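Have a look at this one before I ask anything.
The values are calculated or read from the model by the stated rules, or taken from the named source; none is laboratory data. Everything numeric in this text was worked out from a predicted model, so none of it was measured. We place every Cβ from the backbone using ideal geometry, glycine too, and count neighbours over all the protein chains shown.
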Amino acid sequence: MTDTDKEVIFAKIGQRIKYYRKQSNMSQEKLAEKIGISPKHLSRIEAGRHNPYFDTIMLAAKELDVPIEAFLEDVSDNNINSFLQILKSDISGMSRNQLEMLKKCVAMIKEFEF
């Protein structure tokens, strides 16, 4: 996967976060506060100038009450596979304890009904 592929994926995710935030009539400041990042950082994510971490994407989906896959609506199947590869590389260096925590987080996400 090229850096351009990554940029396209994250830019589209940022656009979808912005779209659903506006649909929820939520300001950047409010969403940023709820997900624990600065409004400036959220602005950069929405503009495609910064790549969000998976936990940021997950928290945004929860706060906006949308399924996490809604952020991938504009992403092609090929790019979704690339996104999964990015996640794989993100977790490859984690310790056993971190992986256990991630497993619990995934189980918690599955419990949410969006």
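Name the pairs whose Cβ atoms lie under 8 Å apart, with the first residue in region 1-26 and farther than 16 Å from Pro52 by Cα, the second modelled with pLDDT under 80 and part of a helix (DSSP H, G or I), and 6 or more positions between them or separate chains?
These pairs meet every condition: Met1/Ser82; Met1/Gln85; Met1/Ile86.
Would you list the helices (runs of 4 or more DSSP H) that sit entirely within the chain and hold 2 or more residues that are in contact with a Leu (Cβ under 9 Å, 6 or more places away or on another chain)?
Of the helices (runs of 4 or more DSSP H) lying wholly inside the chain, those with at least 2 residues that are in contact with a Leu (Cβ under 9 Å, 6 or more places away or on another chain) span 3-23, 28-35, 39-46, 54-64, 77-91.
Of (1) surrounded by 15 or more Cβ atoms within 10 Å (Cβ to Cβ); (2) of a type in the set (D, E, K, R); (3) under 16 Å from Met108 (Cβ atoms); (4) more than 11 Å from the chain's Cα centre (by Cα), Asp65 satisfies all except one. Which?
Looking at each condition in turn, Asp65 falls short on (1).
For Tyr53, state whether it is exposed (fewer than 14 other Cβ atoms within 10 Å of the Cβ) and free of Cβ contacts under 8 Å to residues at least 40 places away in the same chain.
Working: exposed (fewer than 14 other Cβ atoms within 10 Å of the Cβ): yes; free of Cβ contacts under 8 Å to residues at least 40 places away in the same chain: yes.
For Tyr53, the condition - exposed (fewer than 14 other Cβ atoms within 10 Å of the Cβ) and free of Cβ contacts under 8 Å to residues at least 40 places away in the same chain - is met.
What residue, among those in region 33-59 that are among the acidic types (Asp, Glu) and within 11 Å of the chain's Cα centre (by Cα), is farthest from Ser82 (Cα to Cα)? Before you say what the answer is, go through the steps one by one.
Let us first name the residues in region 33-59 that are among the acidic types (Asp, Glu), namely 33, 46, 55.
Then drop every residue that is not within 11 Å of the chain's Cα centre (by Cα), which leaves 46, 55.
Numbers: Glu46: 20, Asp55: 18 Å.
The extreme case among them is Glu46.
Does region 81-102 hold any residues that are at pLDDT below 85 and farther than 17 Å from Tyr53 by Cβ, and which are they?
Selection gives Asn81 alone.
If you don't mind, another one. Given the criteria at pLDDT 95 or above, within 13 Å of the chain's Cα centre (by Cα) and not small (Gly, Ala, Ser), does Lys30 qualify?
no
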